[in-house]
Structure formats: structure tokens, C-alpha cells
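Engineer: This is the structure, below, for whatever I ask next.
Where a number appears in this text, it was derived from the coordinates with a stated rule and is not lab data. Everything numeric in this text was worked out from a predicted model, so none of it was measured. Cβ atoms come from the backbone with ideal geometry, glycine included; neighbour counts cover every protein chain shown.
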Amino acid sequence: MKYICPHCGEKTFTPLQKALAGSYRSFGKPCPKCGKRCCNGMGSIYFDSIISIIAFVFIMIIYFKSDASQKTQSSILIAAIIGISFAVSFLFRMFFGKLVEPIRRMQ
Ligand SMILES: [Zn+2]
């Protein structure tokens, strides 16, 4: 299963390469065939913002619900939530959305 490059129309990106191509605001990754840069489209930006809002809400709940005796536990939980949200948005970029031309261009 491979993703289509928006420049040459060939299926050149593996899900992992697509995930590593970054978001619309990044410089993207060059296509193995035509060498032009590709990144993930707006879908991944919307998804990332939803995920970060959810993660933020969970972190706030943990932060305000925990007392001093649960400090270690709650910081582990917060770290886990941050890790999970990164993993989830990475997986989204691997399997959903399509590749587009980055808005930023290398000079
Ligand atoms: Zn290409």
C-alpha cells in the first residue's frame, strides 16, 4: 500500500514515509521518484488540533484532580497522554489523509 505523490502521480510514499513527511506547515519530504517535496494535507492539521485539545483537557483534569500524594502518578499519566497523542497523530498521518504540495518552499 503506497500513497500517490501530488507532483508526479506515482505511488511512491509508504505509510511510514508519509507520516514522516510532516504537516502542511512543514517543508515535507522529497518524493523518491521526482524529488519534489510532499507533505500531509489539511486533514492531519485538523486531526492534530483535535488530538491536542483532547490531550490538553485530560491533562487539566489529571492536574486539578490529583493531590500532592499522587504527584508521581499524575506526572506519569500526563507523560503517557502526551506520548499517546503523538502516536495517534503519527498513525493518522500514516493511514489517513493524502499527500499535498507544501506551502513552504525551499529556496
Ligand atoms: Zn513524485
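Engineer: Given the Cα-Cα distance of Y63 and F27 and 0.36 nm per residue of separation, how much length would full extension add, in nm? Can you show the working numbers first?
Structural biologist: On the way: separation 36, 0.36 × 36 = 12.96 nm, distance 3.52 nm.
Gain in length upon complete extension: 9.4 nm.
Engineer: Normalising by the residue count of region 3-100, find the relative contact order in percent from Cα pairs under 8 Å and 6+ residues apart.
Structural biologist: For region 3-100, the relative contact order is 35 percent.
Engineer: Any idea what angle helix 42-65 forms with the longest principal axis of the chain, computed on alpha-carbon atoms, 0 to 90 degrees, nearest 10?
Structural biologist: For helix 42-65, the angle is close to 10 degrees.
Engineer: Further question: Amide H neighbours of Y3 under 5 Å, at least 5 residues apart or on other chains, H built in the peptide plane: list them.
Structural biologist: Residues meeting the amide H criterion: T12, F13, T14.
Engineer: Also: If I measure Cβ to Cβ between cysteines in the chain, which ones have no partner under 4.7 Å?
Structural biologist: C38, C39
Engineer: Here is a follow-up. List, in order, the whole-Hz ³J(HN,Hα) value for each residue of region 95-101 obtained from phi through the Karplus relation with A = 6.51, B = -1.76, C = 1.60 and θ = phi - 60°; use x for Gly and Pro.
Structural biologist: In residue order, the calculated couplings are 10, 10, x, 10, 7, 9, 6 Hz.
Engineer: Once phi is turned into ³J(HN,Hα) by the Karplus curve 6.51 cos²θ - 1.76 cosθ + 1.60 with θ = phi - 60°, what whole-Hz value does each residue of region 25-34 show in order, with x for glycine and proline?
Structural biologist: The phi angles translate into 7, 8, 7, x, 10, x, 5, x, 8, 9 Hz.
Engineer: What whole-number value in cubic angstrom gives the convex hull volume per residue for the C-alpha atoms of region 3-100?
Structural biologist: Details: hull volume 8.2 nm³, N = 98.
In region 3-100, the Cα convex hull volume per residue is 84 Å³.
Engineer: How long is the gain from C34 to S49 if the chain were fully straight, where each residue apart is worth 0.36 nm and the alpha carbon distance is subtracted?
Structural biologist: Working: separation 15, 0.36 × 15 = 5.40 nm, distance 3.11 nm.
Taking C34 through S49 to full extension adds about 2.3 nm, to one decimal.
Engineer: Distance in nm between label sites at K98 and Q70, each 7 Å beyond Cα in the beta-carbon direction?
Structural biologist: 4.6 nm
Engineer: Further question on the same structure: Report the number of Lys pairs in region 3-100 whose alpha-carbons are under 15 Å apart, with separation of 8 or more residues or on distinct chains.
Structural biologist: 9
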